[in-house]
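Below: the structure, in structure tokens.
The values are calculated or read from the model by the stated rules, or taken from the named source; none is laboratory data. Computed from a prediction, not measured in an experiment: that's the story for all the values here. Heads up, the Cβs are rebuilt from the backbone with ideal geometry, glycines too, and the neighbour counts pull from every protein chain shown.
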Amino acid sequence: MPLMRFVVRCLPGFSSRVPAPVPARSALPDWLKSMPSAVPADALAGAEVRTLKHCPPLIDALGTGVLFPLAADLTVRGGQLSWDWDAPRHAEVGHTRSPIGLHLPEQATGAPFRLPPGRFVIKFTNFWTVDVPEGWSVLFTHPLNREDLPFRTLSGLVDCDRWRDGLVHFPALWTDPDFEGVLPAGTPVAQAIPVRRETLELVVEEMDDGRLDAHRRIEEALAADPGVYRKGR
């Protein structure tokens, strides 16, 4: 099967100055790598239980699609965001040189976002266009299962086959008011997952005898062998 091309482009001269998107599978978080395989559980009198490291769907979500990075080091002090970055400039194109922007709080009127007084919805600046084949859109969302990040990127679905020469920026809520320090350039701020643009028919039904038997065999296999999910591919 030929590979689907997911093409990102930046302005001329920017590729050596702005961190590039990376395949998510090549940037799994450190906490997953250091997580133990099994731990004792207090509720089971110290008996060992497998950790999330044995959950292929969670790991596959972490490694799906493409991660888009923060363009520059972002310093957080006293509730203020700042940066010191010799941002590139292109003489023929008007574009922001800031790694972040903002949306006014009034723009989120009616949405269930908890914004403290005087706080804004931030917007991570993306310096890369996205080009996918005809008939495909791209879901941009918060990096999946990354609750360690002090912000939450809002989700959006963009027809990047039709918008291939435009930039998609990433609005986000700052969720950790106690965070102080530097969010380094390259921190993943959005995960991009291609989605085929087609209408699905939802069918809701009960299992017949054959499906019930297959379901029982799968449940028994998963309980007996933690690697059976991978082997079944």
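Laid out as a table, the results:
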read-out	value
Flag for Val66 being of a type in the set (A, V, I, L, M) and surrounded by 14 or more Cβ atoms within 10 Å (Cβ to Cβ)	yes
Condition check for His90: touching a residue at least 24 places away in the same chain (Cβ under 8 Å), more than 27 Å from Gly65 (Cβ to Cβ) and of a type outside the set (A, V, I, L, M)	yes
Selected residue (only one of Asp176, Asp159 is of a type in the set (Asp, Glu) and modelled with pLDDT of 95 or more)	Asp159
Qualifying positions in region 50-63 - exposed (fewer than 14 other Cβ atoms within 10 Å of the Cβ) and modelled with pLDDT under 85	Arg50, Thr51
Hey, Ile100 surrounded by 13 or more Cβ atoms within 10 Å (Cβ to Cβ), under 30 Å from Ala224 (Cβ atoms) and not polar (S, T, N, Q) or not	no
In region 124-158, the residues that are aliphatic (A, V, I, L, M) and either under 11 Å from the mean Cα position of the chain (by Cα) or surrounded by 20 or more Cβ atoms within 10 Å (Cβ to Cβ) (or both)	Val130, Val132, Val138, Leu139, Leu144, Leu149, Leu154
Pair list, Cβ under 6 Å, 6 or more apart: region 150-173 residue in contact (Cβ under 8 Å) with a residue 60 or more places away in the chain, other residue small (Gly, Ala, Ser) and surrounded by 16 or more Cβ atoms within 10 Å (Cβ to Cβ)	Phe170/Ala190
Test: residue in region 186-201 that is over 23 Å from Val66 (Cα atoms), exposed (fewer than 12 other Cβ atoms within 10 Å of the Cβ), among the hydroxyl-bearing types (Ser, Thr, Tyr) and more than 20 Å from the chain's Cα centre (by Cα)	yes
First in region 29-50 and assigned to a loop (DSSP other than H, G, I, E, B), second anywhere and of a type in the set (S, T, N, Q), Cβ under 8 Å, 6 or more apart	Met35/Thr51; Pro36/Thr51; Ser37/Thr51
